[in-house]
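Novice: Submitted below is the structure of interest, expressed as structure tokens.
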Amino acid sequence: MRIKISVFLLFLGLSICISAVAQQKKDFLDSMLLSEEYSQENKGQAASEDALRKLQQEKPQIDLKNDRKLRDIIKKQKKESGQATVSQTKQNIKRISKLHTAPFGLLWGETYEETVSSGVILTRTEEKDYVNSFIATQLPKPLKDMRYVVVTFGEENRLWRIISYGQFIKDTPDAALTLKEYKRFYHMLETKYGNAEQIYNPQITQVTKTIELPNGKTKQQIEDVEEQIGNPNFLAQLQSGNADLYATFYNTEVGAVLSINVDGNGNSYLILEYKNLKIFQEQQNKTFDAL
């Protein structure tokens, strides 16, 4: 009897652990959703775009190769070897060489200084809940589909989050053009990161239907109907927030979210947000250890 109870308690403990892990993964993906900073009513986005326009007027974007980026960092560190010891320089070079490639030719875990030394221009911008965020221009691998990119280094000065905003699309009421772009990016992200999951919260519309009764009479009945993706009023539903569509992707190192947004002028655009799972977890563990 005691053995059966022990086995039951062991099974119960394992079930609780599995549920906790699943909930942690869900909580992480939920945390990757767009922050309030970039809602269409928020002035933060307009301020970021103003700063971006000024930068673009000053210098045109250039296309650097990722290996060129690493060489530039190493070159600058060698020039500064008079201020730092040779061993320190070698340690920095060794550290950078082990960093993994991030979107737009950046490197996950690189510092603000390392990013700037590679030729990227960083302009500070405020983002709720994301410390040390900057608009990044002159990226090593710019994407013409994106208007601008924001990177976050956090309190520990390590690149762990990247969010990019797509070009504005003048779309039809059913959002056909935006959905086409959304599907194109969806398939690429699914191929690159895997574990694709689409989340659609539809607008609920009440429809009056005529129901025939057994006695031959009829009656009016109101039913809730979920509006489908790409329905004739889909763009307006996305703009009002009555519907939203996004997808999550992840592998062992990176999590990504692809979503559609519509501004107050009816211009639709895609948003791509990436987070490095390992750095994120390290930050969480460090906070946990300090408690």
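Novice: Among the listed pairs LYS98/LYS275; LYS144/LYS170; LYS128/LYS183, which have their C-alpha atoms separated by more than 25 angstrom in this model?
Specialist: Where the Cα-Cα span goes over 25 Å, the pairs concerned are LYS128/LYS183.
Novice: Starting from the Cα of ILE199, move 7 Å in the Cα-to-Cβ direction to define the label point; list residues of the range 258-291 whose amide nitrogen is under 14 Å from there.
Specialist: 258-260, 273, by backbone N distance to the label point.
Novice: Spin-label point model (7 Å from Cα, Cβ direction): what's the LYS144 to ASP174 distance in nm?
Specialist: 2.8 nm
All of the numbers you see were taken from the coordinates with simple rules; none came from a lab. Nothing here was measured: the structure is a model prediction, and the numbers come from that model. Here the Cβ is made from the backbone with ideal geometry for all residues, glycine too, and neighbour counts use every protein chain on show.
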